[in-house]
Structure formats: C-alpha cells, structure tokens
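The structure appears right after this line, and notes come after that.
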Amino acid sequence: MIRQGSLKEWLIEGGLEIDGKKGKCPACKTSTIRFQYVGDLSTRIGYLDIWCDSCLNGVHVSRAKVPENIEMLPFDTPSNVLKQKIPEIKYIQHMT
C-alpha cells in the first residue's frame, strides 16, 4: 500500500499553509500543499479541502470555521468554478 499520510499529518501540514508557511505533503514529501475553504460567507462555517498538487492525495474536513483572514468560496459557487479551484483529490482513508 502506498503511504498517504495520516489525517493528523495532513491537518498539521495544511495548517502550516493556512498560516502562510510551507507545508510538506505527508504522502510524497513535496512542498505543494494547497487548501480551499467553502462555506457560508456570513457565519464563516463551511468545509475545508487540503491536497497536494503533485500527487493529488488529500483530506476533506466536513465542518470547519474559516479564519477571518482567509478567502473562501461561498456554498453556491458553480460546480465548474469549484472544479477549477479544487482538483480531483484522492482522499486518504482514515478512521474518525
């Protein structure tokens, strides 16, 4: 089985990117981590996708508070725009 990294590793490395620092992909070790928040613009509650642009592994966080200083897409963003922003991610398998 190919190593994809743990949920904890993805959240740590994604958190670095969100904080403006460089995170490394837990799977392939490149510095190509990306993230996108999608949610309600007034409450700033939504979801978060974190992925690697090199290997396309990543995680989906189904409920997240979007930091005030971070841009987000609204829930009603057209699907074609979402597909331009968020690639076909190979979501890692993890236990909750």
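Computed from the coordinates by the stated procedures, all read-outs in this text should not be read as laboratory data. Just so it is clear, the model here is predicted, and its values are computed rather than measured. Cβ coordinates were reconstructed from backbone atoms using ideal geometry, including for glycine residues, and neighbour counts include every protein chain displayed.
Observations
- For region 26-41, a residue qualifies if it is within 17 Å of Tyr91 (Cβ to Cβ) and charged (D, E, K, R), and exactly one does: Arg34.
- Residues in region 1-53 that are closer than 20 Å to Pro67 by Cβ and of a type in the set (S, T, N, Q): Gln36, Ser42, Thr43.
- Looking only at residues in region 57-93 that are in contact (Cβ under 8 Å) with a residue 60 or more places away in the chain and not charged (D, E, K, R), the one that is surrounded by the fewest Cβ atoms within 10 Å (Cβ to Cβ) is Gln93.
- Filtered residues of region 33-50 (kept if surrounded by fewer than 17 Cβ atoms within 10 Å (Cβ to Cβ) and of a type outside the set (S, T, N, Q)): Asp40, Leu41, Arg44, Ile45, Tyr47
- In region 12-32, the residues that are buried (at least 16 other Cβ atoms within 10 Å of the Cβ), of a type outside the set (Val, Ile, Thr) and either touching a residue at least 40 places away in the same chain (Cβ under 8 Å) or part of a loop (DSSP other than H, G, I, E, B) (or both): Gly14, Gly23, Lys24, Cys25, Pro26, Ala27, Cys28
- Selection of region 51-89 for residues being assigned to a loop (DSSP other than H, G, I, E, B), over 18 Å from Lys24 (Cα atoms), in contact with a Phe, Trp or Tyr (Cβ under 7 Å, 6 or more places away or on another chain) and of a type in the set (Val, Ile, Thr) yields Val66, Ile70.
- Top-ranked residue of region 42-62 - restricted to ones that are of a type in the set (Gly, Ala, Ser) and under 11 Å from the mean Cα position of the chain (by Cα), ranked as farthest from Ile92 (Cα to Cα): Ser62
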